[in-house]
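The values are calculated or read from the model by the stated rules, or taken from the named source; none is laboratory data. Since this is a predicted model, take the numbers as computed values, not measurements. Neighbour counts are summed over all protein chains in view; Cβ atoms, including those assigned to glycine, are modelled from backbone coordinates with ideal geometry. Ligands, DNA and RNA are stripped out before the accessible areas are found, and what is left, the full protein with its side chains, is counted by its heavy atoms. Shrake-Rupley method; radii C 1.70, N 1.55, O 1.52, S 1.80 Å.
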Amino acid sequence: MSADTVNPIPLYASSLRLTAVPTAVGCSRMFVRHTLKLWQLEDHAETATLVMSELVTNAVKASGITEPEPKSWQITAEHVIGIQLRAIEASLYVEVWDRTDAAPVRKNPDLETEGGRGLLLVEQLAKRWDVYRPRVGGKVVWAECALKTTDCIPGGAGKDSEEILGLSDLPESERCRGK
């Protein structure tokens, strides 16, 4: 099977609602790993888990309670996010809904800045990402990941991703697993 071989998938979908608190990020990771294992797509779990983590982190910051241990009376219907995975043909869609209208902003942090790299990472790992505003309100931030077989770094990342991840100076044999 070549690196560009794609096995089309008709349609898989799974979703979950979570309270928008910091622990939602870990729960979303477990959801991704479990769902992709059920769908026999566990080869894509590393990339999808990372993308989901970044999108959920943004949703929690935008609409949730960021205190590490929120009190139960602080949590209201406004503090809910929805996460969804959809596998359609040759793409895996990672989607996160929250109640806020404000779109996430991709930043260009300098080397000393601790945060602000989430959407840069999503941009490198996904084929594309965007924001959709459903009629019910809020927004869905989604990322489309390719479902193709590859032995290289997660998501079939290309040259630009290798440079960002600091792998461009390594020989090809050290960048790819199984070679």
- For Glu123, which of the numbered conditions (1) part of a helix (DSSP H, G or I); (2) over 13 Å from the mean Cα position of the chain (by Cα) fails to hold? (2)
- Pairs, please: C-beta under 8 Å, at least 6 apart or cross-chain, first residue without any contact (Cβ under 8 Å) to a residue 24 or more places away in the chain and closer than 23 Å to Leu36 by Cα and in region 48-71, second open to solvent by 20 Å² or more (accessible area, probe 1.4 Å) and not hydrophobic (A, V, I, L, M, F, W, C)? Thr49/Arg29; Thr49/Arg33
